[in-house]
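**Student:** Shown below is the structure under consideration.
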Amino acid sequence: MTDDMAAQTESGEGGGSGGSDEDSDGRRAGDGREGGGLRDRLVYLAVLSRPRFWLYLAGPVVVGVAAAASAPADLFGLEAVALFAYFLVPANVFLYGVNDVFDADVDEANPKKDDREARWRGDPVNTAVVAASGLLGVGLFALVPRVAWPWLAAHFFLAVEYSAPPFRFKTTPLLDSVSNGLYVLPGVAAYAAVSGSNPPMLAVAGAWLWTMGMHTFSAIPDIEPDREAGIRTTATALGERRTYWYCAATWGLAAVAFAAVDLRLGALLAAYPVVVLGIVAAGVDVDRAYWWYPVINTVVGMLITLGALWRFVNG
């Protein structure tokens, strides 16, 4: 995310809707402008939340719950359900809403906003929905044990300061990449909430490195728009080719960290550096490869979850 990641999973992050349909006034459907109607506003907010990226936040919750569960009831406990529900939709509205508010000027020149995503249309209702989505997350602190609080607090801090002043991490090379650890923090919080203890720190480190690679890869299509807007990121500083190598390195380190926890996890995560090196070798256009990762990430996340459940069922 963030989108980045932010990511990709894009969906565009947003699902492909809201890019070309027009209403009777000739406006793009879902632009969220005042007077556009409830349907158009809902379509706009859905596109803004990047539906194909929803599992970037909710997926780690599923993995964290599955890894921490010690009884079947843990999988569907109040904490697990509340965390999943929040990070599936409201958290994405908040994260990408904040991103789009502070990137409104830059996004005028961003080609991804022409079809897959939506440009910010800042009327009071849209702004209120984004703010309310963030406030809803505060309620999670009342539902989870204190051991999960630091992870939740870190997530919300990074979700805001990635895009917003005073830090606006996304405009500082390397910090833009490191700050995308915000995507794994819901999963760490979920593990802590269900188990009552923190997960292995090597697993947290591996997941954080994975997000660094994922974020930086997803920023490659934005290199030219960001340079034109005067925005400095890891990708603009390195350039396209060296950014591929950066992604391969961070994903490789992530695989090593996970392998230290479980060799099977390391083998699974090794697919990421292999794929990105294949993209470079085959000369695949990044604008095309960018949209592969929602599927890759979903499959990998599913396999990790199934592995955790297998351990849970078979001991």
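**Student:** Which ones in the range 189-244 are of a type in the set (Phe, Trp, Tyr) and open to solvent by 50 Å² or more (accessible area, probe 1.4 Å)?
**Tutor:** Residue satisfying the conditions is 208 alone.
**Student:** While we're looking at this one, here's another question. Select the helices (runs of 4 or more DSSP H) contained entirely in the range 36-118, then report the ones holding at least 1 residues which are crowded, with 20+ Cβ neighbours inside 10 Å and at pLDDT below 85.
**Tutor:** Once the helices (runs of 4 or more DSSP H) in the range 36-118 are filtered for at least 1 residues that are crowded, with 20+ Cβ neighbours inside 10 Å and at pLDDT below 85, what remains is 38-48.
**Student:** Out of everything in the range 248-294 that is β-branched (Val, Ile, Thr), open to solvent by less than 30 Å² (accessible area, probe 1.4 Å) and within 20 Å of the chain's Cα centre (by Cα), what residue ends up being farthest from residue 202 (Cα to Cα)?
**Tutor:** Here the residue is 286.
**Student:** Within the range 161-188, restricting attention to residues that are farther than 20 Å from residue 59 by Cα and of a type in the set (Val, Ile, Thr), which residue is surrounded by the fewest Cβ atoms within 10 Å (Cβ to Cβ)? Spell out the reasoning first.
**Tutor:** Restricting attention to the range 161-188, the residues satisfying the condition of being farther than 20 Å from residue 59 by Cα are 161-176.
When the remaining residues are screened for being of a type in the set (Val, Ile, Thr), the result is 171-172.
Numbers: 171: 20, 172: 17.
So, considering only residues that are farther than 20 Å from residue 59 by Cα and of a type in the set (Val, Ile, Thr), the one surrounded by the fewest Cβ atoms within 10 Å (Cβ to Cβ) is 172.
The values are calculated or read from the model by the stated rules, or taken from the named source; none is laboratory data. Predicted, not measured: the structure shown is a model, and the values here were computed from it. Because the Cβ atoms are built from the backbone with ideal geometry, glycine has one as well, and the counts that use them run over all protein chains shown. Surface areas here come from the heavy atoms of the whole protein model, side chains and all, with no ligands, DNA or RNA. Shrake-Rupley method; radii C 1.70, N 1.55, O 1.52, S 1.80 Å.
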